[in-house]
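Heads up: the structure comes next, in structure tokens.
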Amino acid sequence: MNRSSTPSSRWPLIAVLLIVGTFAAYVTHIKKSGEAPTVAQSTPPAPAAPAASAPAPAPSGGGQAPASATPTIQGPGTFYPSQGHAHWDESRLKDFRYNSNPPTSGPHEEVFADGYVSKTPLSNAIQAHLLEHGNVLIQYNCTCPSLVKKLTEISRSFDTYNPQMAMEMGKAVLIAPNPTIGKNKIALTAWTRLEMLDRFDEQAIKAFITAWLGNDRNSRQ
């Protein structure tokens, strides 16, 4: 047997073992690297949303409505928050306090005025009912036939229907005296709106009527 051939015949085997060992070490290293835990970045929790504030209670009886209330529709006159559309009988209405004078909303009787121009004051309950339908009222506190004539002329330029039909449709501009407002004052009212005038102002009166007469969006507030 030739001994000199034995050492050289082992080199291929040694080379194979070295390759296999190197590969195994490499695979083990890769596997350990893949299994290494990942440290997640800590993210601060989002701040909790503030609790919704409870809605302000509706005014009871004739109490003053919250001062923070704001109109949903912009237009002439001072906004008074709606006191509702309830239909009450006369006995129940006696103790109710409206949040404006003259009234601009609130419980009322289902009664209309007799015509476009009244020579006697209209009750608060009738006024609220007229405004609920979308009508506009012009009231005055003076003994002033000339003023009443001017106001009537303005109303007639808008009143184009039979009075009862116009009131039902919210197309009536009504004139009436009102001794509860300031002396020599003129009060323009629509649903949730009041404008007080110290003197006759045709432009302001027509602007108020144009804005609110038949405005069903406003009368639904």
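Annotations
- Any hit, the range 124-143, residues being of a type in the set (Val, Ile, Thr), in a helix (DSSP H, G or I) and free of Cβ contacts under 8 Å to residues at least 60 places away in the same chain: yes
- Any hit, the range 192-211, residues being free of Cβ contacts under 8 Å to residues at least 60 places away in the same chain, among the hydroxyl-bearing types (Ser, Thr, Tyr) and farther than 14 Å from Gly77 by Cβ: no
- Some residue of the range 154-164 being more than 23 Å from Glu202 (Cβ to Cβ) and either touching a Pro at 6+ places or on another chain (Cβ under 6 Å) or in a loop (DSSP other than H, G, I, E, B) (or both): yes
- Candidate set from the range 169-219 (those that are outside any loop (DSSP other than H, G, I, E, B) and among the small types (Gly, Ala, Ser)); member that is surrounded by the most Cβ atoms within 10 Å (Cβ to Cβ): Ala190
- Within the range 152-174, being acidic (Asp, Glu) and either touching a residue at least 60 places away in the same chain (Cβ under 8 Å) or farther than 20 Å from Ile126 by Cα (or both) holds for one residue alone: Glu153.
- Of the residues examined, Ala176 is not one that is aliphatic (A, V, I, L, M), under 20 Å from the mean Cα position of the chain (by Cα) and within 18 Å of Asn101 (Cα to Cα).
Bear in mind these aren't lab numbers, they're just calculated from the coordinates by the rules spelled out. Not measured: the values here are computed from a predicted model. We place every Cβ from the backbone using ideal geometry, glycine too, and count neighbours over all the protein chains shown.
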